[in-house]
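So the structure is just underneath, and the comments pick up after that.
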Amino acid sequence: MQINAANLAILYKAFNAAFQGGFAGVSPSWDKIATQVPSSTATEDYSWLGEWPSLREWVGDRQIKELSASNYSIKNKKFESTVGIKRDKVEDDTFNIYGPMFTQMGQAAASHPDQLVFALLAAGFTNTCYDGQYFFDVDHPVGSGFVSNMQAGSGNPWFLLDTSRALKPVIWQKRKDYKFVAMTKDDDESVFMRDEFRYGVDARGNVGYGFWQMAFGSKATLDAASFNTNYAAMMAQTSDQGRPLGIKPTLLVVGPSNRAAALEVVKAERDAVGATNINRDAVEVFVTPWLA
């Protein structure tokens, strides 16, 4: 292949098509547990998470809620993946072998939010949220007391979530979408110094936590007893003033090791002793490899 601007443009178009094909071929699952929030600056402020929106009877003057009750923000990060192809490979027409690699790059970009979102969920036992406590903790301050949204244990974690609200338990903050880029000009440093064309993808964004009240994390054995305990605890959530929050779990999120147990707890018609399974279809089950 003769190296000139026209042929390099054709090559870029082919590689970009492979990338876009791989990107489009992925059905991401991050939106099952996360809300996408657009970002327009380096860091977004979520101090308003300190107040759970609710209504009261209007008696006397309005009661103004102060939205700076917490000091929680999400700082955007930069992500990239880059490959180099020697100029000789393109001149010798061996570039066709790279098509699958760019398809895979597109698939990796499309599934990258999944990787971030589910990793953050799993790390909720040791990462803090808006109230300064771990996202899954035993002593979230509520009113004059403390509330737990975790169950201790030694097994692989599983999670009960209420994903019915406008803000889901996890936030996917997107600053800049995934973009395929190239360095192929003769005066590009990599071409001039190393005789190498470079292709890559980059993006900006980050993940963070929403309301901890909408999530319950457990490392105990997943069975009917633990499921019922955690389900009831979530529905009993109240505001600082003692008003019910109306939380109702909708999704049971597990990794592959808890798949069979999850299906047995909420999908089987009968329990282990043959009685009617009262938890059947109480929530949707979602099994993700990102919790392996």
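The values are calculated or read from the model by the stated rules, or taken from the named source; none is laboratory data. Predicted, not measured: the structure shown is a model, and the values here were computed from it. Neighbour counts run over all protein chains shown; Cβ positions are idealised from the backbone, glycine included. To get the accessible areas, we keep the full protein, side chains included, count just its heavy atoms, and leave off ligands, DNA and RNA. Shrake-Rupley method; radii C 1.70, N 1.55, O 1.52, S 1.80 Å.
Summing charges over all other residues whose Cβ lies under 13 Å from the Cβ of residue 280, with Lys and Arg as +1 and Asp and Glu as -1, gives -3. Listed by number, the DSSP H helices of the chain that run 18 Å or longer by alpha-carbon position along their axis and have mean Kyte hydropathy of at least -1.0 are 5-24, 99-122.
In the context of the full protein assembly, residue 82 retains an accessible surface of approximately 80 Å², using a probe radius of 1.4 Å and ignoring ligands and nucleic acids.
For residue 219, the lysines whose Cα comes closer than 25 Å to its Cα, not counting residues fewer than 8 places off in the same chain, are 32, 168, 248, 267. The longest stretch of the chain left intact once loop-based GluC sites (Glu not before Pro) with at most 10 other Cβ atoms within 10 Å are removed from consideration, loops following DSSP, is 67-268.
Taking 25 Å as R0, compute the FRET efficiency from the Cβ-Cβ separation of residue 148 and residue 276 and round it to 0.05.
E between residue 148 and residue 276, to the nearest 0.05, is 0.25.
The fraction of accessible area contributed by carbon and sulfur in the chain is 52 percent, rounded to a whole number (1.4 Å probe; ligands and nucleic acids excluded).
Accessible surface area normalised per residue over the chain is 53 Å², counting heavy atoms of protein chains with a 1.4 Å rolling probe. Local charge for residue 149 was computed over the other residues whose Cβ lies under 12 Å away, with Lys and Arg +1 and Asp and Glu -1, and equals -4. In the chain, once you exclude exposed trypsin sites (Lys or Arg not before Pro) (DSSP loop, at most 10 other Cβ within 10 angstrom), what's the longest stretch remaining? Looking at the chain, 63-292 is the longest stretch - no exposed trypsin sites (Lys or Arg not before Pro) with at most 10 other Cβ atoms within 10 Å. Across q = 0.09 Å⁻¹, the chain modelled as identical point scatterers on its alpha-carbon atoms has Debye log10 I(q)/I(0) values of -0.58, in the order of the q list.
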